[in-house]
Amino acid sequence: MQKPGTSIIIWLLCAGLAQVVWADENARPIALAEVGIPFFQSRCIDCHGEDSPEGDFRLDKLTGDLETDDVQTWVSALEQIETGIMPPETEQRPDLNDKRNVILTIHTALASAGHGLAAQRQAPSKGNYIPHEFLFAVDASESAATSARVWRISPMAYLNTLERRFRVPKPGEFSSAGINPPIALTNEHGIRDYSYRYAISSAEAVQAQLAAKNALNYLAKMKRDRKTGEFAGMWTQTPLAKMLHEDKPIGETEAAELVTWLFEGLTWRKPSADELTRYCDFALKQVKTFGPERGLKIGLQPIFLHPEALHRIQRPTEVDGRMSRDDLIKAATMAVVDGPLPAKQQSLVRKTFKSESFEIDEYRTYVRQLLRDKENNKQRFIREYFGYPHAVDVFKAENDIEAAGIRDYNPANIIRATDQFVERVLRLDRDVLRNLLAPDIQAINSKPGQKVAGSGKRSPEKGLLAQQAWLIAYSNNSENHAIRRGHWVREHLLGGQIPDVPINVDAQLPDEPQHTLRERMRVTRESYCWKCHQQMDPLGLPFEIFDHFGQRRETELGKPVDARGKITGSGEPKTDGDVRDAIDLISRLSESKRAEEVFIRHLFRFYLGRNETLADAKTLQDAHRAYAEQDGSLNAAIESLLRSDAFMRRSIIASLAKEESKP
């Protein structure tokens, strides 16, 4: 018998407590004084002690007692160690074990003291705080499950469910027709659909009820076929439209048919006996009060608000913690095609899963078929990873457009051109990241079914980072934004993490229109700023060979463009070093194994809906291995992720499970 606290566990998981990145509550508490203080004394006190501390940041006052120490000082020091900014390269750098030990110790101490750092690190922008080498430079033999969770469906999945299961049109289709989704995702740069970020608010619940009302109006409509003279549903002959047209009395049998039809379509399962009774009773009560048409339109609305119609409830049901076969099918389908399969493909499940029990070979076959489906969301991943659709959000003034010699400036068309380029790369599914950065034009332009014979010649000047959409997305209204571009390269290709700008820093360049951007960025080289800017500026300034519309240029303000830069921190001698310009930078990064690994980290976040943790090292390594062994196949990497324990298995948070087991 289910205990009363079970639902509380589920909703706490929904609130975002599901994934602890570092802290281990079962580990023996290690006093900060035993690990943290000696680490600082041997590497940091010379610069951050009592005498003239750099940046006015002192570590000599810390004792290891969080009740008396300034907790923010510990957090700031931790961020500097995690991001590799400190200790500086000129000082003794800790080895991997020492670095891991001190980071884990501080995290565990902060978690024990009730500090909310672990929750903050769930944010998509904080994913790289786990140093890259902790995931890829270690021998990982065991993989871990993802915590059980309630993950609100995305607006894409909501619309796709209505369209693919019930033929309800999406917004903008068939002129004024269409149902607007009652839920939304943030419009921030990066991977957007994280499980912890969203819950149904009261306002969204009202909107969900309105969407249900509108959907039922569509499902109940009838129209006369001009050729046959017969009536049919507005978009298909639905059971609801048929019953209303035939004008038959609505009894228990008819109500059960409608409830089952809607419930299965929205929740992916049959209603239980109790659910069927409750929904039928409510519908029949409304029919008795308001009549068949209005009564059914009101009485069937609650099914659209069922928790499983609006959420992916993922919990362990098998002995090994694996989700049930049906839940796993739903999870994989939602992950790859953003909702149920299109109507023509819905028999795929029956054809693939022939056994009553779960069979890994059948599941593998199903995942591969999902990835081949034209409705797959691989392009959405690329769009969110690179962020180029945000070009439409950057306003450009008419006088700047004219001065740049552009006749018809249309960001939507620019984005569409990059989408088409991405489609060709994904269709080839070979050396995907490399072809996105420095494409083999002959290979990606090959026709479907044609034997691919690449030229072997790479064209970084035609890659995504040299295309207008990406360059505009990472520009300002009237000039380039070298810092933002460098920030993207550091975090998305090199796996670095740039700390947030301190609240006491005025992050503005001087207003000096007579000076070039590089000249104005001299302020970022001041010692306090350069700690972070040295990780961004040398990676962003090479893109000065383009103007803020993404057009090539040779001069800026009448001066020759200085596009020199430098790659650091890749851990690869052939990648690190000075670069002439963006083309040189892109060419080097396209050959980087580290860039591939970082690409896989973001792929993990997209399909798992969370940041990676230390326990995910094996999952990430397996996915990268599959990608590399299959000649840079994105399909192979995704298949590896969807077959991992992180995707297939769920666990209950230890502290909540202990609480639940109490009598």
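By the Kirkwood approach, averaging reciprocal distances over each pair of separate Cα atoms, region 538-663 gets a hydrodynamic radius of 17.7 Å.
Whole number please: convex hull volume per residue of the Cα set in region 296-381, in Å³? Write out the running numbers ahead of the final one.
Working: hull volume 12.6 nm³, N = 86.
Residue-normalised Cα hull volume stands at 146 Å³.
One decimal place: the segment Arg484-Thr555 gains 23.4 nm when fully extended, by the rule 0.36 nm per residue minus the C-alpha distance. Projecting the Cα positions of Phe421, Ala397, Pro448 onto the charge dipole of region 345-492 (unit charges on Cβ atoms of Lys, Arg, Asp and Glu, taken about the Cα centre) puts Pro448 furthest along the positive direction.
Please work out the Cα center distance from region 460-495 to region 264-333, rounded to the nearest Å. Cα centroid of region 460-495 versus Cα centroid of region 264-333: 45 Å apart. Using the Cβ-Cβ distance between Gln72 and Thr289 with R0 set to 56 Å, the FRET efficiency from 1/(1 + (r/R0)^6) comes to roughly 0.40. Residues in region 273-305 near a label at Lys248, defined as backbone nitrogen under 19 Å from the 7 Å Cα→Cβ point? Correct set: 280-281, 283-285, 287-288, 291-297, 300. Could you sort out which of Lys213/Lys288; Lys99/Lys574; Lys99/Lys330; Lys462/Lys566; Lys242/Lys374 sit more than 30 Å apart by Cα distance in this structure? Among Lys213/Lys288; Lys99/Lys574; Lys99/Lys330; Lys462/Lys566; Lys242/Lys374, the Cα-Cα distance tops 30 Å for Lys99/Lys330; Lys242/Lys374.
Using r as the Cβ-Cβ distance of Ser355 and Val206, and R0 as 51 Å, what FRET efficiency do you calculate, to the nearest 0.05?
For R0 = 51 Å, the calculated efficiency reads 0.70.
For the chain, the solvent-accessible area with a 1.4 angstrom probe is 48 square angstrom per residue.
With the simple spin-label model, which puts each label point 7 Å out from Cα in the Cβ direction, the Gln630 to Lys61 separation comes to 5.5 nm.
Between Arg167 and Ala417, the distance separating the two model label sites (each 7 Å from Cα on the Cα→Cβ line) works out to 4.0 nm. Gain on full extension, evaluated as 0.36 nm per residue between Ser141 and Asp393 minus their Cα-Cα distance, stands at 86.3 nm. Structural size metrics of the chain, computed from C-alpha coordinates, are Rg and Dmax of 27.9, 93 Å.
Taking amide H positions as modeled 1.01 Å from N, with prolines and chain starts lacking one, the residues under 5 Å from Trp151 and 5 or more places away or on another chain are Arg312, Ile313, Gln314. In order along region 261-273, the Karplus-derived 3J(HN,Hα) couplings, from 6.51 cos²θ - 1.76 cosθ + 1.60 at θ = phi - 60°, round to 4, 5, 4, 4, x, 8, 10, 6, 8, 6, x, 5, 4 Hz, and Gly and Pro are given as x. Taking amide hydrogens as placed 1.01 Å from N in the peptide plane, the amide H of Val579 sits under 5 Å from those of Gly565, Lys566, Ile567, each at least 5 positions away in sequence or on another chain.
Between Gln379 and Ala33, what's the calculated FRET efficiency when r is the beta-carbon distance and R0 is 60 Å? Round to 0.05.
0.70
Counting Cα-Cα pairs of region 93-189 in 10 Å increments starting at 0 gives whole-percent bin shares of 11, 26, 24, 17, 14, 7, 0. By accessible area, using a 1.4 Å probe on protein heavy atoms only, region 126-212 has 49% of its surface on carbon and sulfur.
The sum of -39500 (n - 2.57) across all DSSP H runs of n ≥ 4, divided by the residue count of the chain, sets its helix-only mean residue ellipticity at 222 nm to -13500 deg cm²/dmol. Working note: Debye formula, equal point scatterers on the alpha-carbon atoms of region 459-589, no solvent; log10 I(q)/I(0) at q = 0.11, 0.13, 0.19 Å⁻¹ is -0.36, -0.51, -1.13. Please give every one of the aspartates and glutamates within straight-line cross-link reach of Lys285, meaning a C-alpha to C-alpha distance under 19 Å, and leave out same-chain neighbours fewer than 8 residues apart. Qualifying aspartates and glutamates at Cα under 19 Å: Asp247, Glu252, Glu254, Glu257, Asp274, Glu275, Glu293.
Take the solvent-accessible surface of the protein heavy atoms, probe 1.4 Å, and return the percent of it on region 275-426 that carbon and sulfur atoms account for.
Working: 3570 of 7520 Å².
Carbon plus sulfur share of accessible area: 47 percent.
With θ taken as phi - 60° and the Karplus curve 6.51 cos²θ - 1.76 cosθ + 1.60 applied, the whole-hertz 3J(HN,Hα) list for region 139-144 is 7, 10, 10, 10, 10, 10 Hz, x standing for glycine and proline. Computed from backbone phi, the HN-Hα couplings of region 465-478 come to 6, 10, 9, 4, 4, 5, 5, 5, 4, 10, 10, 9, 4, 10 Hz, rounded to whole numbers (Karplus: 6.51 cos²θ - 1.76 cosθ + 1.60, θ = phi - 60°; Gly and Pro given as x).
The values are calculated or read from the model by the stated rules, or taken from the named source; none is laboratory data. The model shown is predicted, which means the values in this text are computed figures rather than measured ones. Every residue, glycine among them, receives a Cβ derived from its backbone with ideal geometry; neighbour counts consider all protein chains shown. Side chains included, ligands, DNA and RNA excluded: accessible areas come from the protein's heavy atoms. Shrake-Rupley method; radii C 1.70, N 1.55, O 1.52, S 1.80 Å.
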